[in-house]
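Shown next, in structure tokens, is the structure this report addresses.
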Amino acid sequence: MKGTRKNGRLREEPDVDFGEGVKGRTPNAQRPTSNAQRKESTPAPTGSRYDLEDRLLEYAARIIRLVDALPSTRAGRHVADQLLRSATSPLGNHGELQGAESRKDFIHKLGLCLKEIEETWRWLRLIHRVPMLPPAKVEPLLAETKALVKIFSASIRTAEKKPG
């Protein structure tokens, strides 16, 4: 544990386990997020702020690499097109959250992100079921997609509960 001073008082900040053996500290303004499911992505370095937009950017990049590995069959091309649209859309929609004109608009934009991520999960399940790619390529993205569904669902619930 390491302490910080605020208003002249020493406060203890516990080490946070970021997963995969990486430990660090988070300032009080930043709460650790449960990202144990993030197998392939790098944990936030000590002292940096967790950024969902960076996570969505990495997610979209991983999906693009997966889409490029799909077979060039009629079914492969169809699934690739659908997956590419649904999986890259949350990155752009999340960017629009910052310009939301009202709380209702903010919640609506969060809902769009959630809807696209849920659609992505369905396409990934189809790729896994057929199988169009080896399970080892699809399963980490299924886990990350499930984690993103939880994040956006919780964000919507929180935004709906806030007064105002």
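Read the figures in this text as sums done on the coordinates, not as results from a lab. The model shown is predicted, which means the values in this text are computed figures rather than measured ones. Quick reminder, even Gly has a Cβ in these numbers, built from the backbone with ideal geometry, and neighbours come from all protein chains shown.
Between Glu53 and Leu126, the contour length at 0.36 nm per residue exceeds the Cα-Cα span by 23.7 nm. The orientation-averaged projected area of the convex hull spanned by the Cα atoms of region 39-164 comes to 8.4 nm².
A Cβ-based charge dipole, computed about the Cα centre of region 52-161 with Lys and Arg at +1 and Asp and Glu at -1, lands at about 400 debye. Pairwise Cα distances in region 112-164 exceed 14 Å for 57 percent of all pairs.
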